[in-house]
Amino acid sequence: MIEFQAVTKRYDDGTVAVDSLDLAIDDGQITVFVGPSGCGKTTSLRMINRMIDATSGSILLDGMDVRAQHPALLRRGIGYVIQHAGLFPHRTVLDNVATVPVLTGASRRAARRRAAELLETVGLPAELGRRYPAQLSGGQQQRVGVARALAADPPVLLMDEPFSAVDPVVRDDLQDELLRLQSELDKTIVFVTHDIDEAIKLGDKVAVLRVGGRLAQYDTPAALLAKPIDDFVSSFVGRDRGYRALGFLSAHGIPVGPVASVPVGSPVEQARGLLDNGWAVVVDAENRPLGWVSDRALSTVDEVRAEDLISGGSLYQVDAESAGTAGSLRNALDSALSSPAALGIAVDANGAVVGGVTADTVLRALADARRSGEVPT
Ligand code: ADP
Ligand code: MG
């Protein structure tokens, strides 16, 4: 565990970057520091590996004050990833990743072998190892930065806006990749960002800082969205927070009703008899949804053909046995709202239709959960 105890950093010019920060960071989890520019995120992060020393207070790593440890030894157990990856431009990608193991006494050969494995771990093809950093895209460079930080297999990883300089689509991939990696590695990750959406996506816990280096709120993403502590946090967490909070509630247990369905290729007469309220979902031989037909659309054709369908809305997954695989209330509501028939389609793990929900059903389930105290109101 990493523990900040009344940590303050006052720079020589008098700027108080971090003001009496108290925070306990859990092992094996992603803790995100988020806040506007200049609120002390980088300073807080760098005090953990002693690139910056605190003015007062202490930071304990597994119960030991970091200031009692030799910086070089301390940093051996702490990987560090920064915005522009910080790679050595005149070393190959493979040698960039192998740097730390070589420094700590591994043979060049063993270090390169390990580096090649790490490239694969972060989703890069082995051939890229022979290139120089400038010959990679921004997203690829960031992956190399992560691989390099993992090379000494440190239990702790500090990441300072590592994905801020890449475009949104690549950023999304890198975030997914980090979550996948973390599910295998269980590192203690402290991740800094100014992007609240990134914080909510990645964080097991999120610390919201305000300018002046003061902690505003430290909570799970769900709690931050549901119960921001004050106006600053509420405005920082932003628009649509009520809707986004539904993303943390499981759709497991929402009553799924019947939905009229028609096998693709059915003759029109048969299909007409199957409509419910003028609509039916069209399914393939495995009962997977292909789209919708309506009363009106059927009046111009002889049979229900795949190319004539009205495209469906989003789907959401349910599994009668396991809550773990169910989509969220947000998925279920979106499914209902985006459906041309106003009926969201629930599918099982194989993508087969299980039934349908209306937006009313989803909102009623939410109201019930609130009444029974399962959800903060
Ligand atoms: P963030 O990472 O949240 O943008 P920083 O930790 O970099 O914030 O900076 C926090 C505050 O400390 C800012 O006001 C910044 O200008 C100031 N600061 C950062 N580094 C120094 C320094 N070396 N000397 C003086 N002030 C600094
Ligand atoms: Mg910063």
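The values are calculated or read from the model by the stated rules, or taken from the named source; none is laboratory data. Since this is a predicted model, take the numbers as computed values, not measurements. Virtual Cβ from ideal backbone geometry, glycine too; neighbours counted across all protein chains shown.
Annotation note: Cβ proximity below 7 Å between a residue of the range 38-64 that is at positive phi and a residue that is β-branched (Val, Ile, Thr) (sequence gap 6+ or interchain) occurs for Gly38/Val211; Gly40/Val18; Arg50/Val66; Gly57/Val7; Gly57/Thr8. For the range 207-223, indicate whether the set of residues that are surrounded by 15 or more Cβ atoms within 10 Å (Cβ to Cβ), touching a residue at least 12 places away in the same chain (Cβ under 8 Å), under 15 Å from the mean Cα position of the chain (by Cα) and more than 22 Å from Ala326 (Cα to Cα) is non-empty. The answer is no, given that none of the residues of the range 207-223 is surrounded by 15 or more Cβ atoms within 10 Å (Cβ to Cβ), touching a residue at least 12 places away in the same chain (Cβ under 8 Å), under 15 Å from the mean Cα position of the chain (by Cα) and more than 22 Å from Ala326 (Cα to Cα). Against the condition surrounded by fewer than 19 Cβ atoms within 10 Å (Cβ to Cβ) and on the phi > 0 side of the Ramachandran plot, how does Gly105 come out, does it pass? Here the answer is yes, as Gly105 does meet what is asked. Of the strands (runs of 3 or more DSSP E) lying entirely inside the range 137-235, those carrying at least 1 residues that are out of contact with any strand residue (DSSP E or B) (no Cβ under 6 Å at 6 or more places or on another chain), of a type outside the set (A, V, I, L, M, F, W, C) and under 30 Å from Thr15 (Cβ atoms) are 214-219.
Specify the residue that is nearest to Leu209 (Cα to Cα); the eligible residues are those in the range 15-48 that are touching a Gly at 6+ places or on another chain (Cβ under 6 Å) and among the small types (Gly, Ala, Ser). Ranking the qualifying residues of the range 15-48, first place goes to Gly40.
Hey, does the range 175-192 have a residue that's among the small types (Gly, Ala, Ser) and surrounded by 15 or more Cβ atoms within 10 Å (Cβ to Cβ)? Steps first, please.
Taking the range 175-192 first, the residues among the small types (Gly, Ala, Ser) are 183.
From what's left, surrounded by 15 or more Cβ atoms within 10 Å (Cβ to Cβ): none.
Scanning the range 175-192 turns up no residue that is among the small types (Gly, Ala, Ser) and surrounded by 15 or more Cβ atoms within 10 Å (Cβ to Cβ).
When the residues of the range 8-30 are narrowed to those that are more than 15 Å from ligand 1 (Cβ to nearest atom) and in contact (Cβ under 8 Å) with a residue 40 or more places away in the chain, which ends up farthest from Gln175 (Cα to Cα)? Lay out the reasoning, then the answer.
Within the range 8-30, the first condition is being more than 15 Å from ligand 1 (Cβ to nearest atom), and the residues that meet it are 22, 24-30.
Filter again for in contact (Cβ under 8 Å) with a residue 40 or more places away in the chain, leaving 22, 25-30.
On the way: Asp22: 27, Ile25: 20, Asp26: 20, Asp27: 20, Gly28: 17, Gln29: 15, Ile30: 12 Å.
Checking each candidate, the answer is Asp22.
Look through the range 155-173, keep the residues that are away from ligand 2 (no atom under 16 Å from the Cβ) and surrounded by fewer than 19 Cβ atoms within 10 Å (Cβ to Cβ), and return whichever of them is farthest from Pro36 (Cα to Cα). For the range 155-173, the residue satisfying everything is Pro155.
Take the conditions at pLDDT 90 or above and of a type in the set (Gly, Ala, Ser) and apply them to Ala134. Does it pass? For Ala134, the condition - at pLDDT 90 or above and of a type in the set (Gly, Ala, Ser) - is met. In the range 57-66, is there at least one residue being at pLDDT 95 or above, in a helix (DSSP H, G or I) and more than 16 Å from ligand 1 (Cβ to nearest atom)? Yes: the range 57-66 contains one or more residues that are at pLDDT 95 or above, in a helix (DSSP H, G or I) and more than 16 Å from ligand 1 (Cβ to nearest atom). Taking into account only those residues within the range 31-55 that are assigned to a loop (DSSP other than H, G, I, E, B) and within 11 Å of ligand 2 (Cβ to nearest atom), which is surrounded by the fewest Cβ atoms within 10 Å (Cβ to Cβ)? Filtering the range 31-55 for residues that are assigned to a loop (DSSP other than H, G, I, E, B) and within 11 Å of ligand 2 (Cβ to nearest atom), the one surrounded by the fewest Cβ atoms within 10 Å (Cβ to Cβ) comes out as Ser37.
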